[in-house]
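Okay, so here's the structure we're looking at.
The values are calculated or read from the model by the stated rules, or taken from the named source; none is laboratory data. Computed from a predicted model, the values in this text were never measured in an experiment. Here the Cβ positions follow ideal geometry from the backbone for every residue, glycine too, while neighbour counts run over all protein chains shown.
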Amino acid sequence: MDAECRWSVVVQPSQTIRLTLLDFELDVRRGGTCHDYVGVTYRRRITGRKWDVVEAFHECGSLGKQVIHLPVSSAVVVFKTGRSSLTRRGFIVYFEGPVFLIVQACVPRRVKEC
């Protein structure tokens, strides 16, 4: 089943976020594409009212411990899985810092059959 889960992590405005991936085993990259992946993004102000989305992490396969330091107080962690993905162990992510708010949303994605 195709699904996309999102966790919004928000700490106090004067704080930053540190994420640690303690265990990470997803489907491997095939044909240069990650069918399952974990991504971490945040918004950065460019000028005035203009914002840019920064992708701090986007990986699949097997990795050792990963520490991701984010210079912001708000970020989004995304886990996406595809229908053709092979089942693997998954991942464990640890949020460090006084977390103000975590919002989770998992939505099955509808895929058109050809």
Inset, instruction - Would you be able to tell me the number of residues in segment 4-32 that are of a type in the set (S, T, N, Q) and more than 16 Å from the chain's Cα centre (by Cα)? - result: 4
Inset, instruction - Run down LYS80, LYS50, LYS65 and say which single residue is of a type in the set (D, E, K, R) and surrounded by 14 or more Cβ atoms within 10 Å (Cβ to Cβ). - result: LYS80
Legend entry - segment 3-60: number of residues that are under 16 Å from ARG89 (Cβ atoms) and either out of contact with any strand residue (DSSP E or B) (no Cβ under 8 Å at 6 or more places or on another chain) or charged (D, E, K, R) (or both): 5
Legend entry - Pairs with Cβ under 7 Å, 6+ apart, first in segment 39-52 and closer than 27 Å to ALA3 by Cβ, second of a type outside the set (Ser, Thr, Tyr) and part of a loop (DSSP other than H, G, I, E, B): TYR42/VAL72
Legend entry - Filtered residues of segment 9-22 (kept if in a strand (DSSP E or B), surrounded by 14 or more Cβ atoms within 10 Å (Cβ to Cβ) and not β-branched (Val, Ile, Thr)): ARG18, LEU19, LEU21
Legend entry - Check on PHE91, part of a strand (DSSP E or B) and modelled with pLDDT under 80: yes
